[in-house]
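Values in this text are rule-based calculations from the coordinates and carry no lab data. These figures come from a predicted structure and were not determined experimentally. Glycine also receives a Cβ, built like all others from the backbone with ideal geometry; neighbour counts cover every protein chain displayed.
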Amino acid sequence: MNIDTIKNGYVIDHITSGNAMKIYELLELGKLDCQVAIITNAKSKKSGTKDIIKVGELINLDMDKLAYIDSNITINVVKNDKIIEKKKLTLPEKLVNVCMCNNPRCITSTEKELDQVFILTDKERNIYRCIYCETKLNKN
Ligand SMILES: [Zn+2]
C-alpha cells in the first residue's frame, strides 16, 4: 500500500501519539485481511506529533472502542480516492464488552457469561463506572 493514498478505506487521524498500537490491539486490526498501515509520531500542526492508522478497506469500525481509547480522533472515510466524510467521535454513554472490570470481587469476575458494562458517569473527566460494582474504570 502506498502510505499516502488509499482507494477505499479509512484514515484514522489525530490519534494521540502512542495510542495507535492500543487501537490496533483493541480493534483487532491484525486479524483483518486488508492492508493496515500505522504511522507513529507524524508531524502535527496542532499537537506536535500524532499517530495515524490507514485501513485499506471499508470495514465495520467500532466507533465506541475508538472513542473510548481516544475521543479526539478524526475518521476520514475514503471512497474512490476521495475523502467523502470526516467523522468526529463522541464518548459513548455505555461500553459493552470493551474492557473488563478490575475489581476482583465484582460479580463479572465469577459470572463469566455476564456482559462487561460500563456507564459514562462524568463526561468532563471521561470517567466510566462498572454497572455492577460501580468501580471506576482504569484505562491503563
Ligand atoms: Zn465491576
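For this structure, a couple of remarks:
- Enclosing the Cα atoms of segment 1-101 in their convex hull gives a volume equal to 107 cubic angstrom per residue.
- Within segment 70-140, the trypsin sites (Lys or Arg not before Pro) that combine a DSSP coil assignment with at most 11 other C-beta atoms in a 10 angstrom radius are Arg105, Lys112, Lys123, Arg125, Lys139.
- Cα-Cα separations in segment 15-59 greater than 12 Å, expressed as whole percent: 58 percent
- Spacing of the two label points (7 Å from each Cα toward its C-beta) at Asn97 and Arg125, in nm: 3.1 nm
- Hits among aspartates and glutamates - C-alpha to C-alpha of Lys136 under 16 Å, sequence gap 8 or more where chains match: Glu93, Asp122, Glu124
- Per residue, the Cα convex hull of segment 75-140 amounts to 115 Å³.
- Computed E for Asn60/Arg105 - FRET, C-beta separation, R0 30 angstrom, nearest 0.05: 0.30
- Those aspartates and glutamates that a straight Cα-Cα span of less than 19 Å connects to Lys7, excepting residues fewer than 8 apart in one chain: Asp33, Glu57, Asp81, Glu85
- Flagged links, alpha-carbon separation over 22 Å, of Lys79/Lys123; Lys50/Lys123; Lys43/Lys139; Lys22/Lys65; Lys65/Lys123: Lys79/Lys123; Lys50/Lys123; Lys43/Lys139
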